[in-house]
Amino acid sequence: LKMTSVSVYFSMSLSLSLSLSTGHMTDLVYTEKELVQSLKEYIKAEESKLAAVKSWANKLDALTKVSTSDPEGYLAHPVNAYKLVKRLNTEWSELESLVLQNPSDGFVSNMSMHRQYFPGEEDKTGAAKALMRLQDTYQLDSEAFSKGKLPVNHAPGMHSNAMLTVDDCFDMGKTAYNDGDYYHAVLWMQQSLKQLDAGEEAVISKADILDYLSYSVYQMGDLPRAVELTRRLVAIDPSHERAGGNLRYFERLLFKQLNELKQTQQSASEEPIQLGTYIRPKDHLPERDTYEALCRGEGVQMSEARRSRLLCRYQDGKRNPRLLLKPIKEEDEWDSPRIVRFLDMLSDEEIEKIKELAKPRLARATVRDPKTGVLTTANYRVSKSAWLEGEEDPIIDRVNQRIEDITGLTVDTAELLQVANYGVGGQYEPHFDFSRKDEPDAFKRLGTGNRVATVLNYMSDVEAGGATVFPDFGAAIKPKKGTSVFWYNLFRSGEGDYRTRHAACPVLVGSKWVSNKWFHERGQEFRRPCGLTEVD
């Protein structure tokens, strides 16, 4: 029985946000380099054309100075008369043809050819939201981001130009504003204003920044500061179409608010707006704070006493013939629920082959709406994924066999090997791999029962971020190239282990490649027999 791919089920609302995987972004880097080279060739052609035109102009300028000083005397010589006729009949036509030549044709053609692969407007919005996601998860202020200061060491010069300009910060703020996200709009408009006030040149005007900033601050409930910022806007641009009306409206609201609270008016806080000035609004995720803390390496619930009981061992898959001579190194990552890591599970050669097979078919990872059954993208899963069959290459077949040998579970009823690439900001928010009781038809069409276990293969190291975290019991597992982690999603009784709700933290720096194998219940009856109680 060969299994097809099935996406995770969910019950929350969806919203579209495109993701560019690092693999595709790498292609764009080389595309941009090719376009720069094409642009240089165009400039060189234009300069060559201009030099030729200048040469013509200089020669004709000198010649006409002589001819116009004494036209009759000049034309008295038959050679001059002939050359004038020839120039006007032939040479000026040649010059016209030269001027009409368009060296830009090659560049424009190259641009047109590559434009189909350019990121779209939704990609740009998704990239901006990815930065905001990183900002929230890793508690990075806008100034640190704009200066490219991240909590990780880089090779000298590698990211020296990774800085955001006034206009970049304004665009970030405007993206948030247009999405009704006034919390981030305030942070980025404030940073844009700060850099402009520091003397940085920009296309955007201070009035435009203050316009967006003042209204966003008002939306965050800070009326005194909204009034102060709008007054600055009116002072800069008294004829602004909205500023006067907004100021009167904000002042009336502030007056009413102070009267209700029986307070006297106080000036707005002079403290600059920064991370923590305003409380981030709550969203759909109840364990947001726990999840993000674990991503930062905070709040891990493993005491030293418990850690001392975690062991490492050589695993031969219960005397499996293929593992007797070369057993797999196994380390305990967590005790309850039990999570283990297999070392040296994938070789570099196998990883490169898997990536090579997956890259051409990477598409935005989807989830399935349990109400409609339709596969769709969701903003809580931002990555690109592909599915690989064992028959496609001996390496895929070999990896599947190794996974079966080490776990003791059959892959005959498992789903295809799923490969995923998380670029910067790529994430998968807390979710279950198994279907819950309110989703009885989740895997019905497969006829193989629920997802009993998960093997997650790490196919790259990640410079910063990208951990796999379990908010329920406070575990954080860092990616390590060539290793795999394994856990059961169901108890032996078939009941779901709700503690296994987990997440892929946003990638802060680097690229994260993973592949996973989802095992289903059917075929495991004698490999993992039922227990006597619900939680065995």
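The values are calculated or read from the model by the stated rules, or taken from the named source; none is laboratory data. No experiment lies behind these values; they were computed from the predicted model shown. Here the Cβ positions follow ideal geometry from the backbone for every residue, glycine too, while neighbour counts run over all protein chains shown. The accessibility values were calculated without ligands, DNA or RNA, using every heavy atom of the protein model including side chains. Shrake-Rupley method; radii C 1.70, N 1.55, O 1.52, S 1.80 Å.
At 1.4 Å probe size, with the rest of the protein present, what percent of the exposed accessible area of the stretch 121-261 is carbon and sulfur atoms? Kindly include the intermediate steps, with their values, before the conclusion.
Details: 3570 of 7160 Å².
For the stretch 121-261, the apolar C and S fraction of the accessible surface comes to 50 percent.
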| request: Report which label in (i) 265; (ii) 206; (iii) 186 holds the value of volume of the Cα convex hull per residue in Å³ derived from the coordinates of this structure. | output: (i)
| note | Excluding ligands, DNA and RNA, the carbon-plus-sulfur percentage of the accessible area of the stretch 287-520 with a 1.4 Å probe reads 48 percent
| remark: The farthest towards the positive end of the charge dipole of the chain, of the residues L140, L100, Q195, given +1 on Cβ of Lys and Arg and -1 on Cβ of Asp and Glu, is L140
| task | Would you work out what percent of the accessible area of the stretch 22-117, with all protein chains in place, is carbon or sulfur (probe 1.4 Å)? | result | 59 percent
| Inter-centroid distance (Cα atoms) of the stretch 172-245 relative to the stretch 35-83, Å | 54 Å
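With Kirkwood's inverse mean 1/r over C-alpha pairs for Rh, give me the Rg to Rh ratio of the stretch 22-117, two decimals please.
On the way: Rg = 22.1 Å, Rh = 16.8 Å.
Rounded to two decimals, Rg/Rh equals 1.31.
Would you mind working out the accessible area per residue for the stretch 22-117, using a 1.4 Å probe, and quoting it in Å²? Numbers along the way, then the final one.
Details: 7150 Å² over 96 residues.
On a per-residue basis, the stretch 22-117 sits at 74 Å².
Go through the stretch 433-536 and name the GluC sites (Glu not before Pro) that are in a DSSP coil and have 11 or fewer other Cβ atoms within 10 Å of their Cβ. Could you put the intermediate results ahead of the total?
Details: sites: E463, E495, E521, E525, E534; in loops: E463, E495, E521, E525, E534.
When the GluC sites (Glu not before Pro) of the stretch 433-536 are filtered for loop state and at most 11 Cβ neighbours within 10 Å, E525, E534 remain.
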| message | Sequence gap at least 6, Cα distance under 8 Å: using those rules, report the relative contact order of the chain to the nearest whole percent. | response | 17 percent
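With every protein chain kept in place and ligands, DNA and RNA left out, what is the accessible area per residue of the stretch 121-261? Probe 1.4 Å, answer in Å². Before the final figure, lay out the partial values.
Values: 7160 Å² over 141 residues.
Heavy-atom accessible area per residue stands at 51 Å².
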| remark: Ranking D171, D393 from most to least accessible area with a 1.4 Å probe gives D171, D393
| field | Leading residue at positive end of dipole, the chain (Cβ point charges), from L253, P479, P321 | value | P321
| message | If each residue of separation counts as 0.36 nm, what is the full-extension length gain between E534 and E241 once their alpha-carbon separation is subtracted? | response | 98.8 nm
| remark: Order by accessible surface, 1.4 Å probe, largest leading, for residues Y428, Y278 comes to Y278, Y428
| said: Quick check on my link table: of K129/K384; K437/K481; K174/K194; K147/K481; K124/K359, which ones sit more than 25 Å apart, alpha carbon to alpha carbon? | reply: K437/K481; K147/K481
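Taking the Cα centre of the chain as origin and charging only Cβ (+1 Lys, Arg; -1 Asp, Glu), how large is the dipole, in debye to the nearest 20?
Values: 70 positive and 79 negative charges, 173 e Å.
That gives a dipole near 820 debye.
Keeping all protein chains in place, calculate the accessible area per residue for the stretch 287-520 (probe 1.4 angstrom), answer in Å². Let's see the in-between values first.
Numbers: 9470 Å² over 234 residues.
Value for the stretch 287-520: 40 Å² per residue.
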| request: Could you tell me the largest-minus-smallest coordinate of the C-alpha atoms of the stretch 186-260 on each of the three principal axes, in descending order and whole angstroms? | output: 43, 26, 15
